[in-house]
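*Asks:* Structure in structure tokens, see below.
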Amino acid sequence: MNVARDIAILQVLPTLDTGGVEQVVIELTAAISQAGARALIASAPGKLVPMVERAGGEHIPMNLASKNFLRMAWNSDQLARLIKAEGVALIHAHSRAPAFSARSAARRTKIPLVTTYHGAYGDGGRFKRRYNAIMAAGDRVIAVSEFIADLVRTRHGVGQERLRVVPGGVDTARFDPDTVNDGRLERLSRAWRLPDGAPTIVLPGRLTSWKGQAVMIRALAQMRHGDPILLLVGSAQGREAYVKSLTQLARSLDVASRVLFAGDVADMPAAYKLADVVVNASTDPEAFGRTIVEAQAMRRMVIATDHGAARETVRDSETGWRVPPGDPEALAAAIDAALDLPVESRIALGNAARAHVSERYSIAAMQAGNLAVYHELLG
């Protein structure tokens, strides 16, 4: 899609900090800019603002995270003024609270609204259902997986005339094991003080209970292989009580010396390449599950929970394995079986995994899919 430079596309989200949604926004910013339009992002500031600017976008600081309806109304006014001042042709909402203000502003200025349904979103109670429904209120609703598309159809009654499936994508050039040199691996290995020869299990994801870190720690204690190191890669984002509970759990199971809290890692390709096995142990279904796709792009052996989008992104016994949710015994057995594989089998599995990701989940395909939706509405 090529458009005039005086047209602007505005994306809205709560903040530009760490997360899969934020990464999608940056990737779309690059695609919009490369297509010849102006890419605007309204959100609270965060550490990813420089990446937006490097991608060719312009960041407008705005507090869009509030669920207070008076604040949402004020935000709607601010967005409407921004739309008129900057010649915004389309607004794309990536989160629920900003989407309320975006819908109101879009109606007032008579421009199209796109919403991306990035999560499964808990649906308990009438208020929560109404709150979630805003993400199905766009002129086009983008689902990040077939799992989410089915949920949107069932939960909100969105038909094919508005619903579009655009799977998430990963940068297969960045996540390419052939480009990660030994120096990068050595730096991380030294920083984490990894013992020589011990298998490494990486569980990437922010430290929150539904990501299944506790399930993984219990699995570690039940494994037949008694020496693997578990790296929990991700930020606690203030959940210190949860981190303390994980530490206590590891101590009670006598595996504390083999559980490392790595925090946020800038060089995730190197982190994946250091891993013998990459695990997604989420107890709630993942809408897409970017980390497990990144790991497959890196030719790693992956094990994911058998629900949500993992049923699409991981081909069981072909590109990785799937195990029942919340089952540490099954997870332990799967990791043991993966570590038992001979080198040739690991290589074959890794090659199949990278080919699968390159074919179905490239960042270019994700960008093109979103631009195609914009094109439908802008003509």
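The values are calculated or read from the model by the stated rules, or taken from the named source; none is laboratory data. Note that the structure is a prediction, hence the values are computed from the model and not measured. Every residue, glycine among them, receives a Cβ derived from its backbone with ideal geometry; neighbour counts consider all protein chains shown.
*Asks:* Could you list all residues from region 341-370 that are surrounded by 14 or more Cβ atoms within 10 Å (Cβ to Cβ), closer than 9 Å to Arg299 by Cα and of a type outside the set (A, V, I, L, M, F, W, C)?
*Replies:* Answer for region 341-370, where residues must be surrounded by 14 or more Cβ atoms within 10 Å (Cβ to Cβ), closer than 9 Å to Arg299 by Cα and of a type outside the set (A, V, I, L, M, F, W, C): Arg346, Gly350, Arg354.
*Asks:* Same structure, new question: Sort out which residues of region 195-210 are surrounded by fewer than 23 Cβ atoms within 10 Å (Cβ to Cβ) and under 16 Å from Thr247 (Cα atoms), and write them in order of number.
*Replies:* Kept after step one, since they are surrounded by fewer than 23 Cβ atoms within 10 Å (Cβ to Cβ), are these residues of region 195-210: 195-200, 206-210.
Across region 195-210, the qualifying residues are Arg206, Leu207, Thr208, Ser209.
*Asks:* Which of the following residues is assigned to a helix (DSSP H, G or I), more than 25 Å from Gln23 (Cβ to Cβ) and either in contact (Cβ under 8 Å) with a residue 12 or more places away in the chain or touching an Asp or Glu at 6+ places or on another chain (Cβ under 7 Å) (or both): Arg103, Arg184, Arg129? Working first, answer last.
*Replies:* On the way: Arg103 fails: more than 25 Å from Gln23 (Cβ to Cβ); Arg184 fails: more than 25 Å from Gln23 (Cβ to Cβ).
After applying the criteria, what remains is Arg129.
*Asks:* Of the conditions (1) touching a helix residue (DSSP H, G or I) at 6+ places or on another chain (Cβ under 6 Å); (2) under 25 Å from Met366 (Cβ atoms); (3) among the polar types (S, T, N, Q); (4) surrounded by fewer than 19 Cβ atoms within 10 Å (Cβ to Cβ), Ser33 fails just one. Which one is it?
*Replies:* (1)
*Asks:* Can you give me the number of residues within region 236-245 that are acidic (Asp, Glu) and surrounded by 14 or more Cβ atoms within 10 Å (Cβ to Cβ)?
*Replies:* We begin by selecting, within region 236-245, every residue acidic (Asp, Glu); these are 240.
Subset that is surrounded by 14 or more Cβ atoms within 10 Å (Cβ to Cβ): none.
Here the count works out to 0.
*Asks:* May I pose another question? Going through region 280-333 one residue at a time, which ones are over 21 Å from Arg346 (Cβ atoms) and among the β-branched types (Val, Ile, Thr)?
*Replies:* Passing the criteria: Thr283, Thr305.
Residues are listed down the side, and each one gets a yes or a no for (1) crowded, with 21+ Cβ neighbours inside 10 Å; (2) in the same structural domain as Gly350 (by TED's automatic domain parsing); (3) within 27 Å of Ala330 (Cβ to Cβ):
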| residue | (1), (2), (3) |
| --- | --- |
| Gly183 | no, yes, no |
| Arg224 | no, yes, yes |
| Thr247 | no, yes, yes |
| Val259 | yes, yes, yes |
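*Asks:* For region 251-302, enumerate the residues that are of a type in the set (S, T, N, Q) and within 19 Å of the chain's Cα centre (by Cα). Talk me through it step by step, then tell me what you get.
*Replies:* Step one: filter region 251-302 for residues of a type in the set (S, T, N, Q), giving 252, 257, 280, 282-283, 291, 296.
Matches in region 251-302: Asn280, Ser282, Thr283, Thr291, Gln296.
*Asks:* Can you name every residue in region 222-277 that is within 17 Å of Gly212 (Cβ to Cβ), aromatic (Phe, Trp, Tyr) and in a helix (DSSP H, G or I)?
*Replies:* Correct list: Tyr242 only.
*Asks:* Given Arg38, Arg81, Arg54, which one is crowded, with 20+ Cβ neighbours inside 10 Å, of a type in the set (Lys, Arg) and over 25 Å from Phe288 (Cα atoms)? Explain how you work it out, then say what you get.
*Replies:* Numbers: Arg81 fails: crowded, with 20+ Cβ neighbours inside 10 Å; Arg54 fails: crowded, with 20+ Cβ neighbours inside 10 Å.
Sole residue among the options that is crowded, with 20+ Cβ neighbours inside 10 Å, of a type in the set (Lys, Arg) and over 25 Å from Phe288 (Cα atoms): Arg38.
*Asks:* Among (1) at pLDDT below 95; (2) exposed (fewer than 14 other Cβ atoms within 10 Å of the Cβ); (3) of a type in the set (A, V, I, L, M, F, W, C), there is one condition Trp192 misses while meeting the rest; what is its number?
*Replies:* Of (1) at pLDDT below 95; (2) exposed (fewer than 14 other Cβ atoms within 10 Å of the Cβ); (3) of a type in the set (A, V, I, L, M, F, W, C), only one is false for Trp192: (2).
*Asks:* Let me ask something else. Out of (1) within 19 Å of Arg107 (Cα to Cα); (2) polar (S, T, N, Q); (3) in a strand (DSSP E or B), what's the single condition that is false for Ser43?
*Replies:* So Ser43 meets the others, but not (1).
*Asks:* Write out, first by first residue and then by second, each pair whose Cβ atoms fall under 6 Å of each other, whose residues are 6+ apart or on separate chains, and whose first residue, in region 329-349, is in the same structural domain as Ile201 (by TED's automatic domain parsing) and in contact (Cβ under 8 Å) with a residue 12 or more places away in the chain while the second is surrounded by 12 or more Cβ atoms within 10 Å (Cβ to Cβ) and aromatic (Phe, Trp, Tyr).
*Replies:* Partner pairs satisfying both residue conditions: Ala334/Trp321.
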